[in-house]
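What follows is a single structure, written as structure tokens, with notes after it.
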Amino acid sequence: MSNNLGYGSCLSDDEYEKKIIALHCDLPPSPSRTQDRQTRRWELELAIDHRLGLDFPRSKRDALWDIQQKVEKRRGRLLFKYLLRKFFSKSLTRDAQSLASYLVKEYSTVLNQKELDNFFGHEEARSPSLPIDVENLK
């Protein structure tokens, strides 16, 4: 499938799904930190190939990976709050939504609006959110 961004063809939904499944099937039951990090990098690479194009520039890919690593640190803090959700339930929803906004804002430093729309979807790029079931947090 080609795209209108000028970065060549994109992986089809089917190709993307098969590559993601293959990536995870090759992992050991308890991957090392290095394997986990490499898997997350390949997940991002595949998402870029699927949503932006196979010829998306390496420099922009690397910049998105740097952002993704900063987001992972914030995600770790959010996971900690989730584990202690009885104490943090009110701030957990706010922090999750803040994380989604932070991700899109940071990606916007690398991607233009059309690229953001292709990567996240038009609505999500403009109003980032994470699906949170508030009732299950209690």
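Bear in mind these aren't lab numbers, they're just calculated from the coordinates by the rules spelled out. Predicted model only: the values in this text are computed from it and were never measured. Using ideal geometry, Cβ is built from the backbone for each residue, glycine included, and neighbour counts are taken over all protein chains shown.
Based on the Cβ-Cβ distance from ASN4 to GLU123, what FRET efficiency comes out when R0 is 30 Å, to the nearest 0.05? Intermediate values should be presented prior to the final figure.
Details: r = 19 Å, r/R0 = 0.62.
For R0 = 30 Å, the calculated efficiency reads 0.95.
If R0 equals 25 Å, the separation of the Cβ atoms of GLU17 and LEU44 corresponds to a calculated FRET efficiency of about 0.95.
Summing charges over neighbours of VAL110, with a neighbour being any other residue whose Cβ is under 15 Å away from its Cβ, gives +1 when K and R count +1 and D and E count -1.
SER30 to ASP66: FRET efficiency via 1/(1 + (r/R0)^6), r the Cβ-Cβ distance, R0 25 Å, to the nearest 0.05? List each step's numbers first, then the result.
Details: r = 27 Å, r/R0 = 1.08.
It comes to 0.40.
Here the alpha carbons of the stretch 1-58 define both size measures, Rg and Dmax, at 12.8, 40 Å.
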